[in-house]
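Nothing in this text is a laboratory measurement; each read-out follows from the coordinates by a stated rule. It should be emphasised that the depicted structure is a prediction, and the values quoted were computed from it without experimental measurement. Here Cβ is always computed from backbone atoms with ideal geometry, including for glycine, and neighbour counts include all displayed protein chains.
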Amino acid sequence: MALSNYVELLNYAKEHKITVGAFNALNMEILQALVSAADKMDAPVIVQTYHRHVDFAGADYMKAIAEVASGHSGVKIAMGLDHGRSYDQAKLCIDAGYSGVMIDLASEDYDYNVKETRRVVELAHGKGVSVEAELGTIVDADRTPDEIARGYTDPEVAGRFVRDTGIDCLAVSVGTAHGTYKYTPEINFGLLGELLDTVQCPIVVHGGSGTPDEDVEKMVRMGIAKLNVGTDFFNAYNDALYSFYTEHTPHCDIAEALSSARSAVEQVALRKFHILTRFRI
Ligand code: 13P
């Protein structure tokens, strides 16, 4: 099956009352694990390359792996750029064949963010590629809940931004953060509800790692369209390799080592999909 774009997956999610898992991968084994879990759960998946990993992995390599995985799979798969830093980075991924890109200029002033996001939308939509952007600040997870709350998305500005740019989905700041939480996150469900009611495009939540399952479940029930998760997979991968090499000699079978890491990532992905598809119709 050819890669699907975000819009196809987000429409599917709305129809079936699920949240799309947007999971980060930077190599073949992680991508295989995510797609295998998606297949087992009969759930669509967006595989994303974090902006810092684009140079490491190679956008063309990641797209080729995703396309092969899609050919082996019965579910819809999209390939996306996560937190793209510039028009040029988005273009690089679009040229490599990605089906979705995020352009994240949330830290820039509003007019610049709108101008650059619109440029990406024009390029992407001309090729059937979907676009995600962000408003508000999604900080790193070592911050306190009060510090996280300072970056909350303003619903009025968010509505205007979506109208001004024509993006396909919007990442919002409602209490989650990126990475490993130092404090238990406090989700502002009231704000999330307001954003879901007023913003005219699907809503994306980032920082899915370590967010309590009951909070994720509540956000899924409320109707978030896409949940981003990265750190939990990378930690599972590292932990599995660490324990494998603790138990084996360094010159052991490398395929066995990588298999253990791949299986560990798949287990985490299966648990995420269970929550994201819990209210499926
Ligand atoms: P985590 O690494 O905290 O899961 O965040 C992932 C993310 O939001 C990527 O955009």
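Using 0.36 nm times the number of residues separating Met222 and Asp88, minus their current alpha carbon distance, what extension gain do you get? Let's see the in-between values first.
Details: separation 134, 0.36 × 134 = 48.24 nm, distance 3.50 nm.
Additional length available on full extension: 44.7 nm.
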**For the chain, built as a Gaussian network whose Cα springs stay under 10 Å, the top-fluctuating residue of Thr117, Thr198, Thr249** = Thr249
**Cα-centre dipole for the range 125-281 with unit charges at Cβ (Lys and Arg positive, Asp and Glu negative), debye to 20** = 440
**Complete:** Most fluctuating of Asp111, Asp140, Asp164 in the GNM of the chain (C-alpha, under 10 Å) is Asp111
**Request:** Two decimals is fine: what is log10 I(q)/I(0) at q = 0.21 Å⁻¹ for the range 67-164, from a Debye sum with one equal scatterer on every Cα and no solvent?
**Result:** -1.04
**Item:** Nearest-0.05 FRET efficiency for Glu186 and Glu67, computed from C-beta distance (R0 41 Å)
**Value:** 0.55
**Message:** Counting only helical runs of four or more DSSP H residues, what would the 222 nm mean residue ellipticity of the chain come to if each run contributes -39,500 (n - 2.57) and the total is spread over all its residues?
**Reply:** -16000 deg cm²/dmol
**Qualifying trypsin sites (Lys or Arg not before Pro) in the range 1-110, DSSP loop, other Cβ atoms within 10 Å at most 15** = Lys17, Arg85
**Item:** Cα-based reach from Lys115 at 27 Å (exclusive), listing lysines while leaving out same-chain residues under 8 positions away
**Value:** Lys91, Lys127, Lys226
**Complete:** Restricting to Cα pairs under 8 Å and 6 or more apart, the percent relative contact order of the chain works out to 22
**Item:** 22 Å Cα-Cα reach of Lys182 towards lysines, excluding residues that sit fewer than 8 places from it in its own chain
**Value:** Lys218, Lys272
**Message:** So if I take the centroid of the Cα atoms in the range 77-96 and the same for the range 140-206, what is the distance between those two points in Å?
**Reply:** 22
**Request:** Grab the beta carbon distance between Arg119 and Asp213, set R0 = 45 Å, and tell me the FRET efficiency rounded to 0.05.
**Result:** 0.70
**Complete:** Quick calc: nm separation of the 7 Å Cα→Cβ label points for His274 and Lys127 -> 3.9
**Request:** Whole number please: convex hull volume per residue, Cα atoms of the chain, in Å³.
**Result:** 121
**Request:** List the relative contact order of the range 15-155 as a percent without decimals, with contacts defined as Cα pairs under 8 Å and 6+ residues apart.
**Result:** 17
**Message:** As I understand it, the value is the acute angle between the Cα axis of helix 110-126 and the longest principal axis of the Cα atoms of the chain; what does it come to in degrees, rounded to 10?
**Reply:** 60
**Item:** Projected label distance in nm at Arg160 and Ser243, using a 7 Å step from Cα toward the beta-carbon
**Value:** 5.1
**Request:** Neighbouring Cβ atoms within 10 Å as the yardstick, rank Asp168, Asp60 fewest first.
**Result:** Asp60, Asp168
**Asked** How high is the relative contact order of the range 159-257, in percent, with contacts defined as C-alpha pairs under 8 Å that are six or more residues apart?
**Response** 26
**Asked** Distance from the Cα centre of the range 218-281 to that of the range 10-37, in angstrom?
**Response** 12
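Loop sites only, by DSSP: take the chymotrypsin sites (Phe, Trp or Tyr not before Pro) in the chain that have at most 15 other C-beta atoms within 10 Å and name the longest stretch containing none of them. Mind showing how you got there, number by number?
Working: sites that count: Tyr183, Phe279.
Longest site-free region, per DSSP loop and neighbour criteria: 1-182.
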**Prompt:** In debye, nearest 20: dipole of the chain around its Cα centre with unit charges on the Cβ of K, R (+) and D, E (-)?
**Reply:** 620
**Request:** Measure nothing fancy, just the Cα-based angle from helix 189-198's long axis to the longest principal axis of the chain, in degrees from 0 to 90, nearest 10.
**Result:** 60
